[in-house]
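Undergrad: Here it is, the structure in full.
The values are calculated or read from the model by the stated rules, or taken from the named source; none is laboratory data. Keep in mind that this is a model prediction, so the values were computed, not measured. Note: ideal-geometry Cβ built from the backbone for every residue, glycine included; neighbour counts use all protein chains shown.
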Amino acid sequence: MNTPRDCRVCGHLLRPNALPISEATGTRAHAGRGLCRKCYDAARYAGTLIDHERRYRPREEVLEEWEHVGGRCVTCPEAARRLNMPAVTLQAVLNRARRDGQIERPRPWRELRSA
Ligand SMILES: [Zn+2]
C-alpha cells in the first residue's frame, strides 16, 4: 500500500517504513491508515481507528483482500490475522458489507476457486 504524504490527523510528514529515518529526517513512520504512529495509537486507544479505516482503506479493498486470503473459509480472527488488521475492525467491515448486501452467506470454496 502506498504511504500517504501527511498524517491525516496531525499533518506531520510521513515516510514509508522501508525508508530509514536518516534518509528522511523530520518525518514520522507511517503506522497505517494514513496515520503516524502517535495518532494511530491514540485512535486505537480511543476506539476511533475504524473511522480512519473507512476513509483511507475503502471497504471494497478490504473485502477484496478478505476474499484473497480465504476469509470466507476461516474464522474472523484468523482472517484478520492474515490481513494484519484488528479482528474487531474486520468484523465491523464485514457487518457493514452484509448489511449493504455486498457479501452473502459463505459459499463453498470450490465456487471461490472458479470465480
Ligand atoms: Zn499524526
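Undergrad: Find all pairs meeting these conditions: Cβ atoms under 7 angstrom apart; at least six residues apart or on different chains; first residue within region 59-88 and over 18 Å from GLY101 (Cβ atoms) and among the small types (Gly, Ala, Ser); second residue assigned to a loop (DSSP other than H, G, I, E, B) and modelled with pLDDT under 85.
TA: ALA80/PRO86
Undergrad: Could you tell me how many of the residues in region 12-26 are under 21 Å from THR89 (Cβ atoms) and surrounded by 13 or more Cβ atoms within 10 Å (Cβ to Cβ)?
TA: So the count comes out to 1.
Undergrad: Quick check on region 44-64: of everything there that is over 18 Å from GLU104 (Cβ atoms) and away from the ligand (no atom under 16 Å from the Cβ), which residue is modelled with the lowest pLDDT?
TA: First, the residues of region 44-64 that are over 18 Å from GLU104 (Cβ atoms): 44-58, 61.
Checking the rest, the ones that are also away from the ligand (no atom under 16 Å from the Cβ) come to 47, 50, 54, 57-58, 61.
On the way: GLY47: 86, ILE50: 73, ARG54: 51, ARG57: 70, PRO58: 77, GLU61: 85.
If we take residues in region 44-64 being over 18 Å from GLU104 (Cβ atoms) and away from the ligand (no atom under 16 Å from the Cβ), then ARG54 is modelled with the lowest pLDDT.
Undergrad: Regarding region 51-68, can at least one residue be identified that is exposed (fewer than 12 other Cβ atoms within 10 Å of the Cβ) and at positive phi?
TA: no
Undergrad: Can you name the number of the only condition in (1) at pLDDT 90 or above; (2) away from the ligand (no atom under 16 Å from the Cβ) that MET1 fails?
TA: So MET1 meets the others, but not (1).
Undergrad: Quick one: is LEU19 away from the ligand (no atom under 13 Å from the Cβ) and under 15 Å from the mean Cα position of the chain (by Cα)?
TA: When the stated conditions are applied, LEU19 does not pass them.
Undergrad: Restricted to region 27-43, and to residues that are assigned to a loop (DSSP other than H, G, I, E, B) and buried (at least 21 other Cβ atoms within 10 Å of the Cβ), which residue is farthest from the ligand (Cβ to nearest atom)?
TA: ARG33
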